[in-house]
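Here is the structure we will look at.
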Amino acid sequence: MEAVSSADSALTWTLFSWITRRPLFGLRWVRRIPTQMANFLLPSASSTNLLLLLCFIFSLLLAGATALPVRHQRPRHHPTATHNYRDALTKSILYYEGQRSGRLPASQRLKWRRDSGLSDGSAMRVDLVGGYYDAGDNVKFGFPMAFTTTMLSWSVIEFGGMMKGELQNARAAIRWATDYLLKATAHPNTIYVQVGDPNKDHACWERPEDMDTPRTVYKVDPSNPGSDVAAETAAALAAASLVFRKSDPSYSRLLRGRAIKVFAFADKYRGAYSNGLKGAVCPFYCSYSGYQDELLWGAAWLHRATRSPAYLNYIQVNGQTLGAGETDNTFGWDNKHVGARILLSKAFLVQNVKSLHDYKEHADNYVCSLVPGTPFSQTQYTPGGLLFKMSDSNMQYVTSTSFLLVTYAKYLTYSGKVVSCGGTTVTPKMLRRIAKRQVDYILGDNPLRMSYMVGYGSRYPERIHHRASSLPSVASHPAKIPCSSGFSIMNSGAPNPNLLVGAIVGGPDSHDRFPDQRSDYEQSEPATYINAPLVGALAYLSHSFGQL
């Protein structure tokens with residue numbers, strides 16, 4: 001065969017040198033092999049030898065493209081998860097579409113639901129169409145709806161950056177609530193806090209699409225104050241304004257401006273809303289803890305949303321009289337003290353607001369009450385390890401506590417702090433471990449091996465206390481189901497025909513028992529405020545285990 005010319009040889013060497021300097025050849029042993037081979041072949045290279053050399057080089061390229069790591073790019077190693085937290089996150093947000101009231105959008109994913117409550121507010125000549133049914137009935141209670149909105153927003157504020165594709169769905173869930181809350185606060189010094197007569201609603205078992213019970217409208221105003229529901233509504237609007245600050249600045253400004261006005265009303269006209277509306281809101285959502293906790297909570301959210309020194313001053317002046325130092329350790333739709341402490345501790349730990357240093361101590365006291373084995377532990381756990389506060393809808397405390405623990409762990413980690421519980425040091429890692437244990441219990445790591453999230457896992461509650469889920473859908477049964485006719489289905493043992501995907505039920509009793517009976521509303525009823533804090537905890541866990 002004909003030998004290669006000197007010019008061809010020089011060109012080949014140049015090409016060869018360029019190839020072997022590519023990132024593929026960053027490892028020395030890979031770079032050395034083709035160089036040594038070239039030193040042997042090139043001085044007397046024939047066409048055949050040169051072809052063999054180039055084939056060898058490109059075979060290394062192809063092999064390296066799939067087998068060899070690029071320098072300085074080490075893959076992140078995540079711990080192994082026993083649960084699909086990403087799937088649970090998706091479903092925990094999807095649940096809210098099953099709770100929607102009003103005219104449903106084309107994007108509605110739970111197709112067994114239809115439009116409902118389209119004349120809500122007409123009795124008072126105000127538009128109150130939209131919002132959420134709080135649980136398994138067809139009443140729109142403003143107090144738990146506002147708390148649900150605040151907690152969904154807080155979940156996104158702290159962990160939305162980890163949600164990826166679910167962030168848009170979470171924002172949609174929040175906006176469905178805030179659009180309604182804007183309607184409910186449209187008139188100055190007036191808040192429409194409820195639509196539907198709960199006593200008459202509870203006397204029926206009917207689909208929201210068939211409602212024929214009175215859609216009575218209830219409100220608070222200067223002569224009939226409700227600082228609790230008003231301040232919670234202000235908190236919801238303020239928190240949501242942070243969610244939309246970048247994605248929809250004009251909407252964010254609208255929410256923030258309304259929050260300022262609503263909080264001013266809550267603070268000026270003080271009183272518990274259940275005093276004036278006792279027959280309508282008790283025993284369903286009585287303000288048992290008073291309104292002081294909501295004023296502190298609302299001020300904390302206005303401080304965070306507006307960054308105005310006026311709210312910081314308000315907290316400094318009024319904090320103690322509003323219960324900042326209370327030793328209660330329950331956080332839910334009624335009592336917000338613990339949430340306010342955790343929220344305000346961030347201002348001290350992360351933003352270095354020295355005047356709020358006491359809130360770190362208050363938050364620490366809460367944490368110490370939760371950690372088993374510490375001198376200050378006050379929390380009861382079931383034999384299976386579930387935090388247990390009360391028999392009625394206990395899961396709301398499990399999800400809210402889990403969220404607060406991962407959130408406080410985030411603040412502590414940022415500031416390099418720990419919690420001292422007597423002689424026990426509690427680290428952020430310990431808080432996350434406790435939270436994960438609670439979430440895992442919900443998802444199936446429990447004595448019954450049952451997921452308490454509908455639609456997650458192979459075994460979950462099938463007879464949840466929920467009218468729309470338990471009755472045939474409009475698509476399968478177009479004819480109206482009258483008020484009393486539904487009770488035959490409610491009392492039956494048949495599984496619900498419509499899957500309320502993502503719903504978290506009230507949960508097992510103090511001995512980890514769960515009968516899965518539709519009539520048992522304490523254990524089998526889902527609620528919007530159970531899911532809301534879990535959204536944040538699931539986002540954190542999904543990200544931590546590399547699922548998002």
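The values are calculated or read from the model by the stated rules, or taken from the named source; none is laboratory data. What you are looking at is a predicted structure, and each value in this text was computed from that prediction instead of being measured. Every residue, glycine among them, receives a Cβ derived from its backbone with ideal geometry; neighbour counts consider all protein chains shown. All accessible areas refer to the heavy atoms of the entire protein, side chains included, with ligands and DNA or RNA removed. Shrake-Rupley method; radii C 1.70, N 1.55, O 1.52, S 1.80 Å.
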Over the chain, the sum of -39500 (n - 2.57) across DSSP H runs of at least four, divided by residue number and rounded to 500 deg cm²/dmol, gives at 222 nm -15500 deg cm²/dmol
Here the gain from full extension of Met390 to Asn491, 0.36 nm per residue of separation minus their alpha-carbon distance, amounts to 33.9 nm
The answer for the per residue Cα convex hull volume of segment 190-269, in Å³, is 117 Å³
Computed over the chain, the relative contact order (Cα-Cα under 8 Å, seq sep at least six) in percent reads 17 percent
Per the Kirkwood formula over distinct C-alpha pairs, the hydrodynamic radius of segment 195-331 in angstrom is 16.4 Å
The chain, convex hull of Cα, quarter of hull surface, nm² -> 33.7 nm²
Cα extents of segment 431-548 along the principal axes, largest first, in whole Å, come to 49, 32, 24
Share of Cα-Cα pairs in segment 338-484 beyond 20 Å, whole percent, is 57 percent
Given the candidates Leu349, Ile315, Gly339, the one whose Cα lies deepest towards the positive end of the charge dipole of the chain, counting +1 at each Lys or Arg C-beta and -1 at each Asp or Glu C-beta, is Leu349
For the chain, the dipole about the Cα centre with charges only on Cβ (Lys and Arg +1, Asp and Glu -1), to the nearest 20 debye, works out at 1920 debye
Here the convex hull volume per residue of segment 120-182, taken over Cα atoms and given in Å³, is 85 Å³
Gyration tensor on Cα atoms of segment 97-250, a ≥ b ≥ c root eigenvalues, a/c under 1.5 rounded, else prolate if a/b beats b/c, else oblate, says oblate
Rounded to whole Å², per residue accessible area for the chain with a 1.4 Å probe reads 41 Å²
Pairs over 30 Å Cα to Cα, from Lys219/Lys336; Lys183/Lys246; Lys278/Lys480; Lys91/Lys410, come to Lys278/Lys480
In the chain the accessible area split gives carbon plus sulfur, as whole percent at 1.4 Å, a share of 55 percent
